[in-house]
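Shown next, in structure tokens, is the structure this report addresses.
The values are calculated or read from the model by the stated rules, or taken from the named source; none is laboratory data. This structure is a prediction, so every number in the text was calculated from the model and none was measured. Cβ sites come from the backbone with ideal geometry, for glycine too, and all protein chains shown count toward neighbours. The area values use the complete protein model at the heavy-atom level, side chains included, leaving out ligands, DNA and RNA. Shrake-Rupley method; radii C 1.70, N 1.55, O 1.52, S 1.80 Å.
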Amino acid sequence: MALLSRLDWYDIARSTNWTPKHVTEDELFPPELSGSLGIPIQAWEQYDEPYKTTYPEYVKIQREKDAGAYSVKAALERNKLFEHADPGWLSTLKFHYGAIALGEYAASTAEARMMRFSKAPGMRNMASFGMMDEIRHAQLQLYFPHEHCAKNRQFDWAHKAYHSNDWAMIAARHFFDDMMMTHDAIGTSIMLTFAFETGFTNMQFLGLAADAAEAGDYTFSSLISSIQTDESRHAQIGGPVIDILVKNGRKEEAQRRLDVAFWRSWRLFSILTGPIMDYYTPLEHRKLSFKEFMLEWIVVQFERAILDLGLDKPWYWDSFMRDLDQTHHGMHMGVWFWRPTVWWMPRAGVSPEEREWLEAKYPGWSKTWGRPWDVITENILAGRMNLTYPETLPVVCNMCNLPILSVPGDGWSVKDFPLEHEGRTYHFCTEGDRWCFQQEPDRYKGHLTLVDRFLAGMIQPANLEGALKYMGLAPGEIGDDALNYKWAEAFRKEPKVA
Ligand SMILES: [Fe+2]
Ligand SMILES: [Fe+2]
């Protein structure tokens with residue numbers, strides 16, 4: 001018997017809405033979970049997914065992708081990458097796995113909620129595949145680092161990080177819980193798939209795949225390229241949703257969700273991808289600077305996608321563009337300075353050649369970010385190591401949970417963006433972060449940052465030792481300079497007498 005081609009039966013097979021007789025529509029799709037904003041179900045049935053696939057096709061392709069990634073890993077297992085890799089590259093791996101692996105698993109529940117509660121059958125179909133994608137990503141990114149745990153226990157943080165109170169993970173959880181775990185199906189599709197995955201995961205995964213291949217880590221490169229092919233499919237869930245909202249007079253709601261998620265994604269990526277690309281990746285392996293990646297992947301492509309869908313550029317676009325030159329340099333310096341509080345070895349990335357590169361990519365770097373690094377370098381050379389460590393915690397933002405920072409040098413003008421709400425004073429690092437809070441104060445008001453917890457006496461003893469214990473950092477896991485400070489020697493004027 002001849003089989004129909006996919007196009008002849010696809011539309012009928014995914015027309016899975018019916019008229020409920022035993023429950024009301026609101027009971028079947030509770031508004032707080034579906035988030036359909038009063039738009040009639042017939043309008044949601046117009047949802048047209050740009051990427052069409054069927055279950056047999058999906059399984060066949062996924063099986064091939066998995067076989068490919070696992071066989072590259074098996075083939076290269078004995079190539080001693082771990083022993084020969086630049087320490088900065090190993091730090092990139094540790095940082096990436098900790099920040100991403102279990103977040104992928106959480107994303108599978110976000111996809112599952114879109115699959116259950118969206119009123120759009122086509123969206124439910126795509127989200128079913130998205131859910132399975134994310135489970136695959138979690139499994140891959142837990143399995144791949146596992147072989148390294150025996151050699152270096154910082155790799156154990158691939159699994160441990162999300163279960164800890166490390167400051168970086170408090171920031172990551174606050175963001176991901178907001179964007180993908182606590183919004184309705186429609187909000188999640190805009191925030192997670194459109195704002196976050198279309199732009200930012202593309203950059204982390206494609207950018208890092210390029211750097212990995214340059215660094216000779218073909219296992220990691222094939223792993224994250226394999227993941228990215230799934231992401232670029234299910235990232236398309238949000239576009240048609242925005243289209244339906246705009247056509248049904250709900251542009252403002254779509255815009256607000258986009259603006260919140262985009263700003264929050266930017267803050268997190270400034271600390272995750274920024275340092276990796278501009279400081280950790282060995283100079284000879286860098287393809288583009290972080291800013292160049294951002295301009296190519298986010299500014300050009302994302303801007304076009306937003307405008308094509310009938311939305312506007314977010315109101316903060318100018319300050320976002322300005323921050324591209326600044327934020328991640330400060331985040332990097334902060335991570336290096338507070339290095340005992342992270343599960344990887346921060347690579348300073350400020351040797352004479354690297355500083356030259358930074359100045360070329362970010363004109364003015366030497367007179368701003370370079371100056372505190374001058375002081376740090378002098379202290380290292382003079383053996384005053386105690387001065388290269390912090391004595392206090394930084395002031396962190398009540399939205400992104402990351403340090404409030406400013407550009408050092410002659411123009412130093414650190415600025416706090418405070419807000420009084422129901423008798424509590426909140427501190428924000430930027431106008432964008434304060435604005436996110438103001439959109440839904442009830443959602444955010446109860447959260448305590450690590451510093452709030454410290455001041456509330458929840459961290460004991462109230463010193464670095466207590467903080468490390470609270471963050472779950474055991475000996476052997478605590479971070480230190482990736483190159484053991486050897487990079488500073490290049491700045492020594494008098495050769496060191498042996
Ligand atoms: Fe994923
Ligand atoms: Fe995803």
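Are any residues in segment 358-375 free of Cβ contacts under 8 Å to residues at least 60 places away in the same chain, surrounded by fewer than 18 Cβ atoms within 10 Å (Cβ to Cβ) and either touching a Pro at 6+ places or on another chain (Cβ under 6 Å) or not hydroxyl-bearing (S, T, Y) (or both), and if so, which ones?
Start the filter on segment 358-375 by keeping residues that are free of Cβ contacts under 8 Å to residues at least 60 places away in the same chain, which leaves 359-360, 363-375.
Adding the requirement that they be surrounded by fewer than 18 Cβ atoms within 10 Å (Cβ to Cβ) leaves 359-360, 363-364, 366-367, 371-372, 374-375.
Answer for segment 358-375, where residues must be free of Cβ contacts under 8 Å to residues at least 60 places away in the same chain, surrounded by fewer than 18 Cβ atoms within 10 Å (Cβ to Cβ) and either touching a Pro at 6+ places or on another chain (Cβ under 6 Å) or not hydroxyl-bearing (S, T, Y) (or both): E359, A360, P363, G364, K367, R371, P372, D374, V375.
Could you grab me the full set of residues in segment 210-227 that are open to solvent by 10 Å² or more (accessible area, probe 1.4 Å) and under 17 Å from the mean Cα position of the chain (by Cα)?
Selection gives S225 alone.
So in segment 228-241, with the set limited to residues that are more than 13 Å from ligand 1 (Cβ to nearest atom) and not small (G, A, S), which one is surrounded by the fewest Cβ atoms within 10 Å (Cβ to Cβ)?
Step one: list which residues in segment 228-241 are more than 13 Å from ligand 1 (Cβ to nearest atom), which gives 236, 238-241.
Retained after the next criterion (residues that are not small (G, A, S)): 236, 240-241.
Numbers: Q236: 18, P240: 22, V241: 28.
Only one residue tops the list, namely Q236.
Of the numbered conditions (1) open to solvent by 60 Å² or more (accessible area, probe 1.4 Å); (2) assigned to a helix (DSSP H, G or I); (3) in contact with a helix residue (DSSP H, G or I) (Cβ under 9 Å, 6 or more places away or on another chain), Y51 satisfies every one except a single condition; which is it?
Among (1) open to solvent by 60 Å² or more (accessible area, probe 1.4 Å); (2) assigned to a helix (DSSP H, G or I); (3) in contact with a helix residue (DSSP H, G or I) (Cβ under 9 Å, 6 or more places away or on another chain), the lone unmet condition for Y51 is (2).
Is segment 246-258 home to any residue that is over 17 Å from the mean Cα position of the chain (by Cα), open to solvent by less than 20 Å² (accessible area, probe 1.4 Å) and away from ligand 2 (no atom under 13 Å from the Cβ)? Show your work before the answer.
The initial filter retains those residues of segment 246-258 that are over 17 Å from the mean Cα position of the chain (by Cα), namely 246-257.
Okay, now just the ones that are also open to solvent by less than 20 Å² (accessible area, probe 1.4 Å), so 254.
Next, only the ones that are away from ligand 2 (no atom under 13 Å from the Cβ) stay: 254.
Taking every residue of segment 246-258 in turn, at least one turns out to be over 17 Å from the mean Cα position of the chain (by Cα), open to solvent by less than 20 Å² (accessible area, probe 1.4 Å) and away from ligand 2 (no atom under 13 Å from the Cβ).
Going residue by residue through segment 89-105, is there one that turns out to be open to solvent by 50 Å² or more (accessible area, probe 1.4 Å) and either more than 14 Å from ligand 2 (Cβ to nearest atom) or closer than 30 Å to N125 by Cβ (or both)? If you could, list the steps in order and put the result at the bottom.
The first filter runs over segment 89-105 and keeps only residues open to solvent by 50 Å² or more (accessible area, probe 1.4 Å), leaving 105.
Then keep just the ones that are either more than 14 Å from ligand 2 (Cβ to nearest atom) or closer than 30 Å to N125 by Cβ (or both); that gives 105.
So far as segment 89-105 goes, yes, one or more of its residues are open to solvent by 50 Å² or more (accessible area, probe 1.4 Å) and either more than 14 Å from ligand 2 (Cβ to nearest atom) or closer than 30 Å to N125 by Cβ (or both).
Taking segment 55-88 as the search range and keeping residues that are in contact (Cβ under 8 Å) with a residue 24 or more places away in the chain and hydrophobic (A, V, I, L, M, F, W, C), which one is least open to solvent (accessible area, probe 1.4 Å)?
Across segment 55-88, the extreme among qualifying residues is A69.
Please work out if S164 is surrounded by fewer than 24 Cβ atoms within 10 Å (Cβ to Cβ) and either within 13 Å of ligand 1 (Cβ to nearest atom) or under 19 Å from F82 (Cβ atoms) (or both). I'd like the intermediate steps shown before the answer.
Details: surrounded by fewer than 24 Cβ atoms within 10 Å (Cβ to Cβ): yes; either within 13 Å of ligand 1 (Cβ to nearest atom) or under 19 Å from F82 (Cβ atoms) (or both): no.
So S164 does not fit the description; no.
In this structure, does F437 turn out to be part of a helix (DSSP H, G or I), modelled with pLDDT under 95, open to solvent by less than 70 Å² (accessible area, probe 1.4 Å) and not aliphatic (A, V, I, L, M)? Show your work before the answer.
Numbers: part of a helix (DSSP H, G or I): yes; modelled with pLDDT under 95: no; open to solvent by less than 70 Å² (accessible area, probe 1.4 Å): yes; not aliphatic (A, V, I, L, M): yes.
No; evaluated as a whole, the condition is false for this residue.
All but one of (1) more than 24 Å from M333 (Cα to Cα); (2) β-branched (V, I, T); (3) modelled with pLDDT of 90 or more hold for I478; which doesn't?
(1)
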